[in-house]
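Take a look at the structure set out below.
Since every read-out is calculated from the coordinates, none of them should be taken as a lab result. Small disclaimer: the values here were computed from a predicted structure and weren't measured. Note that we place each Cβ from the backbone using ideal geometry, even for glycine, and neighbour counts take in every protein chain shown.
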Amino acid sequence: MGKLMSLSDADCEKLLAAAVQASAHAYAPYSRYKVGAALLSADGRIFSGCNVENENIGSGICAERTAVVKAISEGATNFVACAVACATDFRCYPCGLCRQFLSEFGAGLIIIVREENGYSIKTIGELLPKP
Ligand code: THU
């Protein structure tokens, strides 16, 4: 739990709830690991995303990148935070590829990960110091 920069606990909870909700839409017939992400843009919009897998395993996309792709496509350019949640697993951290992808938008981007009793909070710069 906690607070970082201008993000309140209520903001974190709201983003996490959006991530959990998005995980319900995940298309994950191969891994059965359903993930949701919710990205908060600087202008206050929330873009959610889920993982979308494919029979050609390498063609699948993670929830975090889905959210970023949706946001950029709709004109959002600056991001404050990204919450990540797996429906069946706590401590679902972004994969290495997503860390690189998210780093594009600044080392200060806040990553919120759902935990059993709340959430943990890190910057993308902490998760990937040298993108
Ligand atoms: N996955 C995500 O979407 N985000 C994460 O943070 C971790 C992993 C997806 C990728 C794949 O569809 C499934 O979860 C199993 O790795």
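Here are the numbers:
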read-out: The chain, dipole about Cα centre (Lys/Arg Cβ +1, Asp/Glu Cβ -1), debye to the nearest 20; value: 120 debye
read-out: Cα shape, segment 67-128, gyration tensor, a/c 1.5 rule; value: prolate
read-out: Sequence ranges 52-62, 120-130, 106-116, ranked by mean other-Cβ count within 10 angstrom, highest first; value: 106-116, 120-130, 52-62
read-out: Highest average packing first - 32-42, 74-84, 95-105, Cβ atoms within 10 Å; value: 32-42, 74-84, 95-105
read-out: The chain - Rg over Rh from alpha carbon coordinates, Kirkwood radius; value: 0.94
read-out: Theoretical gain in end-to-end length, residue 6 to residue 57 [0.36 nm per residue, Cα-Cα removed]; value: 14.5 nm
read-out: The chain, relative contact order [Cα under 8 Å, separation at least 6], %; value: 22 percent
